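Written out below as structure tokens is the structure these notes cover.
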Amino acid sequence: MPKITAAITAVQGYVPEYVLTNKELEQMVDTNDEWIVSRTGIKERRLLKGKDQGSSVMAIEAVKGLIKKRGIDPKEIELIICATVTPDMTFPATANIISSAVGATNSWGYDINAACSGFLFSLVTGSKFIEAGQFKKVIVVGADKMSSIVDYTDRSTSILFGDGAGAVLLEPNTEGFGILDSILKSDGSGVTHLHQKAGGSRRPPTHETVDAKEHYIYQEGQAVFKFAVKGMADVSAEIMEKNNLKGDDISWLVPHQANKRIIDATAQRMGLDESKIMMNIQRYGNTTSGTIPLCLWDYESQLKKGDNLILSAFGGGFTWGAIWVKWGH
Ligand code: UT7
């Protein structure tokens, strides 16, 4: 029996209409366009506005587009995994809300929270159901409404994040295309540097937690930066070495979009030219679970069958990892 791999057979993204520019942020906090662009690479980000609009709104648009693009019946979908740190509700899973909205009535699903590595963790998880021969159509969607947990009076975080979603369809392949290898890592000691203090079971919401702004992202930027540069570069180099891949063998680095400087350091370590880096941080900022599928969506027209892609991320937890994908269409 030929080996079954999980190939990405379609990709689709969605970003909301509202554009929050660096200029507008200059009116909100003590910052400036020059600082933001030189320290992060971000020029603007998208925000999902409106009452009762959760991450699922964006995920549903991405998944509907994906289904239409691939020309499948939503009833063929067997599993939907949603990567998110900003679920619509604590429970049920956002994946459930997505399934029913897109008409995937034969599918089951669940959410995965691995912060900025959520899409990678979900992609590997989804691929296992395909490789095992259990399912033929699995959707992995990364969606985050980061504006729901950003303090827009805090200049150190408000400039970084945006809202967005991206989805991929995984299908079996027996010709050696798709997800070929992965290295995923977690280190819980990183929790102190990047987290949301309240809202979970340890500190349920109270008037005090709201007044103390504990429902927003807490990030020690410099500490996270150091871990991120090392973590993302190391794991990307590690997956190349493990599979005997040289810089020339790699067509694209598909990095999590947290900071252009972290991405550049990773590419340098991999021996990759700037032209091989997928980058859209300037337009969307850090959309957490959305960054990697949104990159694939933006660059899809430039991808060729057989291209070697390294997907790489680092995020809260800490969590990090890299995936080797051979593009199959
Ligand atoms: O995706 C999840 C993982 N997250 C990340 O990977 C993020 C990692 N961290 C970073 O990307 C960077 O640390 C930041 C972009 C968050 C900050 O950049 P930095 O180069 O580390 O700046 P810094 O925190 O060391 O601050 C340098 C200076 C400080 O002023 P002083 O003390 O030197 O006078 C800050 O107060 O820049 C100041 N500053 C700002 N100035 C203008 C901090 N934020 C701003 C701002 N505008 N928005």
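Nothing in this text is a laboratory measurement; each read-out follows from the coordinates by a stated rule. Bear in mind that the values here come from a model prediction, so they are computed numbers and not experimental data. No Cβ is skipped: glycine too gets one built from the backbone with ideal geometry, and neighbour counts run over all protein chains shown.
Computed quantities for the displayed model
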read-out	value
Directionally averaged projected area (convex hull, Cα atoms, segment 68-194), nm²	9.5
The chain: most fluctuating residue of Val11, Val102, Val141 per GNM, C-alpha cutoff 10 Å	Val102
Pairs from Lys68/Lys305; Lys49/Lys69; Lys145/Lys213; Lys75/Lys185 whose Cα-Cα separation, in the structure shown, is over 23 Å	Lys49/Lys69; Lys75/Lys185
Residue of Gln302, Gln282, Gln53 that the Gaussian network model of the chain assigns the largest fluctuation, springs spanning Cα pairs under 10 Å	Gln302
Point-charge dipole on Cβ atoms (K/R +1, D/E -1) for the chain, about Cα centre, debye to 20	420
Spatially proximal aspartates and glutamates relative to Lys51 (Cα-Cα < 14 Å; intrachain offsets below 8 disregarded)	Asp88
Ranked list, fewest to most other Cβ atoms within 10 Å of each Cβ, for Phe121, Phe318, Phe225	Phe225, Phe318, Phe121
Choice from Asp144, Asp248, Asp163 showing the highest fluctuation, given a GNM over the chain with Cα pairs closer than 10 Å	Asp248
Sorted by Cβ neighbour density within 10 Å, fewest at the top, the residues Thr266, Thr157, Thr287	Thr157, Thr266, Thr287
Restraint check, Lys43/Lys304; Lys23/Lys260; Lys3/Lys304; Lys137/Lys246; Lys23/Lys230, Cα-Cα greater than 25 Å	Lys43/Lys304; Lys137/Lys246; Lys23/Lys230
Reach of Lys242 by Cα under 15 Å, taken over aspartates and glutamates that are not fewer than 8 positions away in the same chain	Asp181, Asp234
Kirkwood-based shape ratio for the chain, expressed as Rg/Rh from alpha carbons	0.95
Fewest-first ranking of Leu311, Leu20, Leu120, using other Cβ atoms within 10 Å as the exposure measure	Leu20, Leu311, Leu120
Positive-pole candidate from Pro74, Ala143, Leu296, dipole of the chain, charges at beta carbon	Pro74
Alpha-carbon centroid distance for the pair segment 1-25 / segment 247-262, whole angstrom	15
Segment 4-16 - phi-based ³J(HN,Hα) in whole Hz, Karplus 6.51/-1.76/1.60, Gly and Pro as x	9, 10, 9, 9, 7, 9, 7, 9, 8, x, 8, 10, x
Contact order normalised by residue count of segment 165-242, Cα under 8 Å, 6+ apart, percent	29
Dipole magnitude of segment 180-326 about its Cα centre (Cβ charges: Lys, Arg +1; Asp, Glu -1), debye to nearest 20	120
Mean Kyte hydropathy of 0.0 or more with a Cα span along the axis of at least 18 Å, helices from DSSP in the chain	55-70, 118-131, 221-242
Placed amide H near Tyr18: partners under 5 Å, 5+ positions off or other chain	Leu47, Lys49
Relative contact order for the chain, counting Cα pairs under 8 Å that sit 6 or more residues apart, in percent	26
Length-normalised contact order of segment 5-176 in % [C-alpha pairs under 8 Å, at least 6 apart]	34
